[in-house]
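Input: a single structure, listed below in C-alpha cells.
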Amino acid sequence: MNTELSINLPKLNIQEVSIILVGDTPLIVHAWAKKAKEEMLAKQMKKAKSAKEAKDPFRDYCESLYWVDGMPANPTVKDIDKARFGIPAVGLKNAAVTACTSTGNITKVAARQAFHVVAATGPFVLIEGSKPRMREDMVRVGMGTADIRYRAEFHPWWCNVNVAFNANVLSAEQIVNLFNTAGFGVGIFEWRPERDGENGRFHVATGAEQASLTKRRAA
C-alpha cells in the first residue's frame, strides 16, 4: 500500500544587494598561465622534462589577466585596450568568507552557505576604472630561488558586485560589512593583506562616492 507524504519545505528568503567595491591599493592580477598548467600536468603524468622556454614578458603579462571574452591566440596591445577584464566571482566570495574571522558573529561555514556573488559576465566580475599596465617584480620561488614575474596591475580600480543572500541567515547590512572588512584585512590577488602584503585592498563605496561611480558606469 502506497502512502502519499505531504512535505512542507520552509521558504528560502533569497534577496539581492548590489555594492560597489573601490580599490584602495593597486590590484595585481595573476591568473594561471597556460604554460604553467601544462608544466604541472606534465609533471603529474611523469613526462620527460623538456628544455625551459625563453621568457616572453608580454605573453606572461597577457596570460596573467582574466579575459572576460577570452584571450586572443596572439594578443596585442590593441587587444588589451579594447578588452574587458575581470575578477573571479568566487575570489571575492572567498575574501568575504575569510573576513568572518574578524567579525565574530558568523562562522565561515555558515557564511559560505549563506550568499553567492552573482556575476553577469560568466564567472567574472568586471574590473572598471582603468586599463591594466605591465609590472615587473622579483619574486622568491622554492628554496631561495629568484625569478622575474610579469603581471598585470590595475590602479585605480573599482567593481560592481551583486550578492544573492539568504536573509534568514544574514542581513544585507552584515553582507556589506563582510565585504568592507574583507577589503581592509583580506584583500584579493597578489601581495594582499592576507598574504602579508598591502595590495588588493578595497572598501565599500557609500553615499556620494557610490552615486558618482554609478553615474560614470552608465555614461
(request) At least 3 residues that are under 24 Å from T214 (Cβ atoms) and either within 22 Å of the chain's Cα centre (by Cα) or modelled with pLDDT of 95 or more (or both) in each: list the helices (runs of 4 or more DSSP H) lying fully within segment 1-118 that qualify. (result) 89-98
(request) Please give the number of the condition I87 fails out of (1) over 20 Å from I14 (Cβ atoms); (2) surrounded by fewer than 19 Cβ atoms within 10 Å (Cβ to Cβ). (result) (2)
(message) Can you find, within segment 90-114, the residue that is surrounded by the fewest Cβ atoms within 10 Å (Cβ to Cβ) among those that are under 20 Å from I20 (Cβ atoms) and touching a strand residue (DSSP E or B) at 6+ places or on another chain (Cβ under 8 Å)?
(response) V90
(request) Name the residue, out of E153, E194, E198, that is part of a strand (DSSP E or B), under 18 Å from the mean Cα position of the chain (by Cα) and surrounded by fewer than 21 Cβ atoms within 10 Å (Cβ to Cβ). (result) E153
(message) Exactly one of these conditions fails for V117: (1) buried (at least 18 other Cβ atoms within 10 Å of the Cβ); (2) over 30 Å from I14 (Cα atoms); (3) not basic (K, R). Give me its number.
(response) (2)
(message) Need pairs with beta-carbon distance below 8 Å; first residue under 14 Å from F58 (Cβ atoms) and within segment 145-159, second β-branched (V, I, T) and crowded, with 18+ Cβ neighbours inside 10 Å; sequence gap 6+ or separate chains.
(response) R151/I28; R151/V29; A152/I28; A152/V29
(request) Return a yes/no flag: does segment 139-152 have any residue that is within 13 Å of I28 (Cβ to Cβ) and polar (S, T, N, Q). (result) no
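The values are calculated or read from the model by the stated rules, or taken from the named source; none is laboratory data. Fair warning: this is a prediction, and the values are worked out from it, not measured in the lab. Neighbour counts are summed over all protein chains in view; Cβ atoms, including those assigned to glycine, are modelled from backbone coordinates with ideal geometry.
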